[in-house]
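Asks: My structure is below; once you've seen it, I'll send some questions.
Taken together, the values in this text are just the output of simple stated rules run on the coordinates, not laboratory data. Predicted model only: the values in this text are computed from it and were never measured. Cβ atoms come from the backbone with ideal geometry, glycine included; neighbour counts cover every protein chain shown.
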Amino acid sequence: MFGRHGFFRGHFRCHFTPRINTIYKGGSYKYIGPCRCGLGPHAYYLDENGNLIHGWEIFDRDFEGDRKRYLMERIKYLEEEKKRLEKELKNEW
């Protein structure tokens, strides 16, 4: 009924192994795009050094401080982006 590969047709073949001795807490990251597996909130980011990082390597479920700091940095970035866009819009008129 769903083909030879089952209902999800191979979507569960996307497995990631953690990078040993690498910690990606803090810092700033730029969103690149979604993960190819299409399951869950996976995404790719670029760090300050230009390294490509998977989303699960950045966020730790157990430490609320990093999540709060990330959200504060994101809010600050979005406010700066808003000011830049307002200035750009003002200069167009």
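Asks: Of the peptides 86-92, 45-51, how do they stack up when ordered by the mean number of other Cβ atoms within 10 Å, highest first?
Replies: 45-51, 86-92
Asks: Skipping prolines and chain starts, which residues have an amide H placed within reach, meaning under 5 Å, of the one on residue 35, given they are 5 or more residues away or on another chain?
Replies: Under 5 Å from the amide H of residue 35: 42, 43, 44.
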